[in-house]
Every structure is written in C-alpha cells, then in structure tokens.
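Student: Here it is: the structure, laid out below.
The values are calculated or read from the model by the stated rules, or taken from the named source; none is laboratory data. Everything numeric in this text was worked out from a predicted model, so none of it was measured. Because the Cβ atoms are built from the backbone with ideal geometry, glycine has one as well, and the counts that use them run over all protein chains shown.
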Amino acid sequence: MLEILVFSLLNGVLFGMLLFMLSSGLTLIFSMMGVLNFAHASFFMLGAYFAYQISTVTGFWIALILAPLLVGGIGMLIERYGLRRVHKYGHVAELLFTFGLAFLIEEIVVMIWGRIPVDYGVPADLNFTFFTLLGTNFPAYRAFILLIAVMMFAALFLTITRTRIGLIIQAALTHPDMVAALGHNVPRVFMMVFGGGTALAALAGVIGGPILVTEPGMAFLLGPIIFVVVVFGGMGSLGGAFVASLLIGVIQTLAVALDWSLGGTLAAIGINLPVDGFIGTFSRITVSQTAPILPYLMLVLMLIFRPKGLMGTRES
Amino acid sequence: MTPKTTLTAMTSAIALAVAAFGMAGAAYAEDTIKIAYIDPLSGPFANVGDAGAKHFSYFIDYFNANGGFNGKKLELIAIDNKSSPKDSLVALKSAIDQGAHFITQGNGSHVGAALSEAVAKHNERNPDNRVLYLNYAAVDPALTNDACNFWHFRFDANSDMKLEAITNYIKDQPAVKKVYLINMDYSHGQSVSKIARKLLNEKRPDIEVVGDDLHPVGKVKDFSPYISKIKASGADTVITGNWGADLSLLVKASASAGLDVQYYTYYGGGLGTPVAIGAAGEGKVKQVTEWHANLPVETPSDQGKVLEDAYVAFLQKYDLDFYYGRIRTMLGMLQEAMNQAKSDEPVAVAKALEGMTYQTAMGPVTMRADDHQLAQPLFISTFVKGVKYDTEHTGLGWKTDAKIDGPATETSTTCKMQRPS
C-alpha cells in the first residue's frame, strides 16, 4: 500500500506538471488575452511531431529548442493574419476559427506523417532508471519532465510579475488603449503573447511526446482537460493553473488506486444491495473506474460554487 | 414562412425523399455491388479505422480482379462513424441511401450492437431493400448469443473464443500464478474481465486473480498509477482486451516502471500499437490472432506463399502491415457465397454463407449456421526479435507459440435465430 501511495503521488505530481506545461500557454492566451483558443492542444501535437522530425536529423536536444521556436513562429503568423481579423467579431468567431484550425492541423499532420503513431521515443541520454524505490523504477526521463516544468513555471512567473516586459503585457491585456497611448505597439504585444503561448504548448509536446503516443489523435485526447485546468485554476491566474494542474494530477492518480465502491462498502457493514439492474450496476462502480472523469466533475462543481475558480482574478 | 411556402417546402422535401428512395431501389440493377465501411476515420481511433479501410480496398481490388462477385464488381464506400453508435446509425442510413446492401464494421462492440439492431429493424420494415452486416472485428460474444440476428455475420473469433484459446495455453504454463485483468470499461472489456475469471477458475483453479481494473475508453493519458497497482498486487501475468492507444500507453508505462510481467493481449499486433510499444514489449507481449506475417514463413505452403506475397505487396503499397487476415477470408467467403447463390441479394447471400466451409492458407474455417460465428484457427504469438517480417519497422515481429484449430475454439451459443421465410 505504501508503494502505491508513494508512486501514485510521484506520478500524480508528474502528470500534473505535464498538464501545467500544456495549460500554461493556454493561461496566457485564454485567460489573460481572452482568446478562446480551441486549437491549443493542436500546437502541443505540432510540437511533438516537429520534435520527432527534427530529432531524426539532429538528435533530441536541438529539437527541444528548435521545435517550440518553430511552432511559436507559426502561432505568431496565425495571430497576425488570422486571429487578429477574427478577434473583433467576438468570442463566437474566435471559437469557430480555432475550432476549424484544430481540424485543419490534424488533417495536415495526417497528410504528412500518416495516421499510424510515429516512433518518437525517450532520448538515449535520458533512457535510464533514475532511482528504484520499493522495487519500482522511476525513469530519469520523468525526473527530467519535472525539472523542465518547474523551470518553466519559475521563468514564466518571474517574467510576468517581475519584468518590464511582463508589466507591459499585463497592462496591454487589461488596458490596451492606455498602453497604446503610452507608445507601445499593442497588436505586436498580442502577437508575441500568442506566439509565446503556442511555443509553451509545443515545448510540452516535445517533452510529452515520448511518454504519450505521438499520433494524430493526441490533440483530441488532451484538448478538453487543459480547459479544465485553466478554468478550475481561475481565469488570469498562472499560480491557479499550477495548483489546479497538480491537484488534478494527484487526485486522478490516487483515485485509480481506490477500488472502493458503494455496494462493496455497504456489503461490508451488512447491507446487501441488489446485484442486477440499475442499482446493482451503479453500486458496483469503483472510484478507480471514475478516475479519468473526476477532473470534469471538479470543473462542474467549481463552476457552480465558485465561478471564478481557485485563484481567479476575473469572473469570466 | 407563410403557410403556402411551408406547404411547397414540404412537398418538395417529400418529392426528394421519394426520388432518393427510388434511386436506392434501382441500385440492384447496377453493375457494382456496394459495401459500406462504417468505422472511425477521425478522433482517437482514426488510425485503426483508416487501416481497416485500406485492407478492404486492397482485397476488394484483389477479388474484383480474381473472378469478381457473381460477375459484378464490389465497390467500397467508406463512412466515418467517429466511434459513436449514434453517428453509425446516421452512417447506416446514408449507406442505404447510396444503395449499399452490405455494410461492414469492426471497431467497438457497442457500435456493433447498435448497427446489428438497426439493420434488423430496417430489414423488417423494408423487405425489398435488405442489408447484411458483416462484422470483421467487434468481438462481444453477445452479438452471436442473446443479441444475435440473421443479418449479422462475424468473421473474427469472439472474445470468449479468444479467451478460450488464451486460457488453454495458460493452462500448460506453470509459471503463471497470479493474473491481473485490466480492460476498457465498455461491453467488450467488461466481458473479457468476466469470462477470463470464469475460464481461469475452470482450467487452473490454483491461479489467483489479483486484480481487475476497468478504465474509461480513450481517456487515460498516463497508465503509471495502474502499473503501480499491478506491481503491488504481485501479478506475473496481465490479460487485457485493450486496443489502440489504451494498449500502447499501458505497455509503455509498464516498461518504464520496470514491471516484469507477461501481457496476453487481443490486439498487441494491432495497427500502430507495435510501433508505440517498441522495444518495451520485447518477449513480454503476446497476442491471440488468426493471422500474423510470419505464419506463412513458419509453415510453408503454396497457398501460404500467395498470402506472403499479398503481405509484401500490401506493405509496399501502403507502408502498412497487412494485419486483418480475416478481411481477406471474409471477402473470399462473400465472393464464394455470391457465386454459389448466383445472386447478390442479401437473403440469398446470407443463406449461402450459413454453414459454409472455406479453405484458407491457415486451415479450414466454418461459418456456424446456428449463430453466424466463424470458427477459424487461432494462433498465440510473442513479440520478439529475429523473425523474417518485423512489424511496423520496429525490428520486432510475431513468432508463433501455439496453434488452436478452428473447431477447438468453438464455444456454445444461446442464439435463437429467426430466419426470413
């Protein structure tokens, strides 16, 4: 049991960190800029595919730097020539635009790399066991993910709250007219922030690709959960996204370990529910069975009881 | 809308519908026989659906060029069902509107069940425009038991039959002592978990089932927590009916945690899975299938050589492994049934298929008349290095451990079938 608990915590934190890397970009784009970007997970996927392609030529480490830069560049172009025109028509237009974009990116990926997963594995330099605890290995690559995520959080947090650039970004998002009046190029700031957000998603893809499966369905698989993180953490709050990611990661992972069911518990104290029918089926559902949908339950409850999220600064 | 325009709109809608219906009826007279392929072509399982479509188009071309179907050619219509039963029903409607009297589907027994029921209903209401459902991969035993119907034929061994094969093999493996079951939480996975317990208990009562997990389909991104549980349970063997990303992620997480167990899978060789599993599965992942690329190499025969050549040609054409041996068998049997019946009318074809014995390179197969379930030889194989044909450029491929003949895989059925008069 101790073994399960320790590793569940470790893996929960790890999964949380991966979620955070993915959603930090969306926090910038969605909850700070206010752009409803449905295609965010697609940039994550592009990051993984670009990294795979680059790493076949140059190795993993160069891909780690190059792929996010490339995807960030694409993000800036999309903001400059697509989103900027759509933005003035409001959220619905943005939603539709990015929704279409997500499909477009998926189809392009399929055209270039096919539907079968690509062979993007853990780099040889990091393919060893970091430590063995209670008979289970903890791979070095997972430790590497933790390290990158922490560095990313620190860098992002400091940039936004402690630097002059961060100050202009924050001001441009809330008071664009004033910032423009002070002589800053607000549209350019928006473009940079969007590009930065997509680059962050791509970085998560570069790093997540080897432990997830790099295939065209991966964006679809991760798309919804990152919105959960951002909304649960609270709009406009990077710290909130960080805490929410960790919470979701750990709760979801720990829930898997619980074979607790309503029927089983009642039976243990002598109440036997009927085995068949709706009640029977319902009472046999275990907590571990529901684990992957718990984040969505958490989202719904959060929206009902505290619409601005954990540390949100805005209502919507 | 004014009442008058509403009326005009309604009449034109009815006129259109009548025209469409008339066109569908006329399809009998055309030169091609249409078969609709209803499977996911988008979403998380799109790679599996796409590969199936390629198998069909390849072997349909092959049989069209080799004798055709009662003098006609078969034509494939691929329709995306997004893995959803609801969308499949829309797809079925569209297939019928396009004049297809044969539909095929394989991914997801929940989808299979919905289609089977819808086809039966449709045939009851439209005796002039009937449809046959040829199932190449949905393996829930219910489809040929309580939920069976005359219009459904299954060309894959059902989940019970595969488990029968797996447990017969495990019976003679003394190293297997503790088994962990992990499956996707829908009809197929639930039935694997239930039947595996039953059969293990019958054949090796000394084996302990140390865990039994069901997880949501296509929603788990990191299987590490499940691996911790398996590790803690002390299991030496895992039996899983998982497929696609849900299997790849499971084995990957297992390897990175250093978990040393044997995986008995249904779909270890499934499209995209070997490459995703990679070296992590070497010597650890087993599968039960009716075909893998090294079978003709292991037991050479003239017919096997034809299959081997087909494998190589398929690989060259699509850069994809020819995985569904049963799609070839299914189309071959369909060809023979139409030639025998001298018709492509669904009832006549169905009657010709019932009880048919067909020779494949792997041995004879029989379509049981009682429940429309194909009995075919099954093979248990392990993912290893050093075989003639590796799979998906991984350097690893499948090597046979055991063969189970068709009749030995048969299980009893509770099907009570009503046949059209």
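Student: Please indicate, with yes or no, whether at least one residue in region B:45-58 is in a loop (DSSP other than H, G, I, E, B) and surrounded by fewer than 17 Cβ atoms within 10 Å (Cβ to Cβ).
Tutor: No, there is no match, as no residue in region B:45-58 is in a loop (DSSP other than H, G, I, E, B) and surrounded by fewer than 17 Cβ atoms within 10 Å (Cβ to Cβ).
Yes or no, residue by residue, for (1) modelled with pLDDT of 95 or more; (2) touching a strand residue (DSSP E or B) at 6+ places or on another chain (Cβ under 6 Å):
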{"position": "B:Ala27", "(1), (2)": "no, no"}
{"position": "B:Tyr37", "(1), (2)": "yes, yes"}
{"position": "B:Leu41", "(1), (2)": "no, yes"}
{"position": "B:Gly52", "(1), (2)": "no, yes"}
{"position": "B:Ile60", "(1), (2)": "yes, yes"}
{"position": "B:Gly106", "(1), (2)": "no, no"}
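Student: If B:Lys284 satisfies every condition in (1) of a type outside the set (Val, Ile, Thr); (2) under 15 Å from B:Leu396 (Cα atoms); (3) within 13 Å of chain A (Cβ to nearest Cβ); (4) more than 20 Å from the chain's Cα centre (by Cα) but one, which is the exception?
Tutor: It fails just one condition, (3).
Student: Does B:Gly234 fit the bill of being in contact with a Leu (Cβ under 9 Å, 6 or more places away or on another chain) and more than 7 Å from chain A (Cβ to nearest Cβ)?
Tutor: no
Student: Looking for something under 25 Å from A:Phe232 (Cβ atoms), of a type in the set (A, V, I, L, M, F, W, C) and within 22 Å of the chain's Cα centre (by Cα) - is there at least one such residue anywhere in region A:55-65?
Tutor: No; the residues of region A:55-65 include none that is under 25 Å from A:Phe232 (Cβ atoms), of a type in the set (A, V, I, L, M, F, W, C) and within 22 Å of the chain's Cα centre (by Cα).
Student: Can I ask one more? Just one of the numbered conditions (1) among the β-branched types (Val, Ile, Thr); (2) over 21 Å from B:Leu247 (Cα atoms); (3) within 14 Å of chain B (Cβ to nearest Cβ) is not true of A:Ile211; which one?
Tutor: The failed condition is (2).
Student: Output yes when any residue across region A:240-256 is hydroxyl-bearing (Ser, Thr, Tyr), farther than 30 Å from A:Pro123 by Cα and in contact with a Ser or Thr (Cβ under 6 Å, 6 or more places away or on another chain), and no when none is.
Tutor: No - not one qualifying residue is present in region A:240-256.
Student: Name every residue in region A:120-130 that is surrounded by fewer than 16 Cβ atoms within 10 Å (Cβ to Cβ) and within 8 Å of chain B (Cβ to nearest Cβ), in order of residue number.
Tutor: Answer for region A:120-130, where residues must be surrounded by fewer than 16 Cβ atoms within 10 Å (Cβ to Cβ) and within 8 Å of chain B (Cβ to nearest Cβ): just A:Thr129.
Student: Based on this model, can you work out whether B:Ala165 counts as hydrophobic (A, V, I, L, M, F, W, C) and either within 21 Å of B:Ser42 (Cβ to Cβ) or crowded, with 20+ Cβ neighbours inside 10 Å (or both)?
Tutor: Here the answer is yes, as B:Ala165 does meet what is asked.
Student: Oh, and also: Answer yes if at least one residue in region B:201-209 is out of contact with any Pro (no Cβ under 6 Å at 6 or more places or on another chain), free of Cβ contacts under 8 Å to residues at least 60 places away in the same chain and within 11 Å of chain A (Cβ to nearest Cβ), and no otherwise.
Tutor: No.
Student: Just to be sure I understand the filter: pairs with C-beta atoms under 6 Å, separated by 6 or more residues or on different chains, first member in region A:127-152 and free of Cβ contacts under 8 Å to residues at least 24 places away in the same chain, second member part of a loop (DSSP other than H, G, I, E, B) and of a type in the set (A, V, I, L, M). Which pairs pass?
Tutor: Listed pairs, sorted by first residue: A:Asn137/B:Ala257.
Student: Would you confirm whether any residue within region A:69-82 is among the acidic types (Asp, Glu) and more than 20 Å from A:Leu203 (Cβ to Cβ)?
Tutor: For region A:69-82, residues among the acidic types (Asp, Glu) and more than 20 Å from A:Leu203 (Cβ to Cβ): absent.
Student: Scan region B:177-201 residue by residue and report those that are surrounded by fewer than 21 Cβ atoms within 10 Å (Cβ to Cβ), in contact with a strand residue (DSSP E or B) (Cβ under 6 Å, 6 or more places away or on another chain), at pLDDT 90 or above and outside any helix (DSSP H, G or I).
Tutor: Correct list: B:Lys178 only.
Student: Is it fair to say B:Val251 is more than 10 Å from chain A (Cβ to nearest Cβ), assigned to a helix (DSSP H, G or I) and over 30 Å from A:Tyr296 (Cβ atoms)?
Tutor: No; evaluated as a whole, the condition is false for this residue.
Student: Can you confirm whether region B:323-336 contains a residue that is assigned to a loop (DSSP other than H, G, I, E, B) and touching an Asp or Glu at 6+ places or on another chain (Cβ under 9 Å)?
Tutor: Checked against the condition, which is being assigned to a loop (DSSP other than H, G, I, E, B) and touching an Asp or Glu at 6+ places or on another chain (Cβ under 9 Å), region B:323-336 yields at least one hit.
Student: If you check A:Ala102, A:Ala48, A:Ala41, which single one turns out to be within 14 Å of another protein chain (Cβ to nearest Cβ), at pLDDT 90 or above and farther than 17 Å from A:Val206 by Cβ?
Tutor: Exactly one of A:Ala102, A:Ala48, A:Ala41 is within 14 Å of another protein chain (Cβ to nearest Cβ), at pLDDT 90 or above and farther than 17 Å from A:Val206 by Cβ, namely A:Ala102.
Student: Sort out which residues of region B:230-248 are of a type in the set (A, V, I, L, M) and either at pLDDT below 85 or in a loop (DSSP other than H, G, I, E, B) (or both), and write them in order of number.
Tutor: B:Ala235, B:Ala245
Student: Kindly indicate whether any position in region B:212-229 is away from every other protein chain (no Cβ under 14 Å), crowded, with 24+ Cβ neighbours inside 10 Å and not in a loop (DSSP other than H, G, I, E, B).
Tutor: For region B:212-229, residues away from every other protein chain (no Cβ under 14 Å), crowded, with 24+ Cβ neighbours inside 10 Å and not in a loop (DSSP other than H, G, I, E, B): absent.
Student: Moving to a separate point now. Being surrounded by fewer than 24 Cβ atoms within 10 Å (Cβ to Cβ) and within 9 Å of chain B (Cβ to nearest Cβ) is true for just one of A:Leu254, A:Leu246. Which residue is that?
Tutor: A:Leu254
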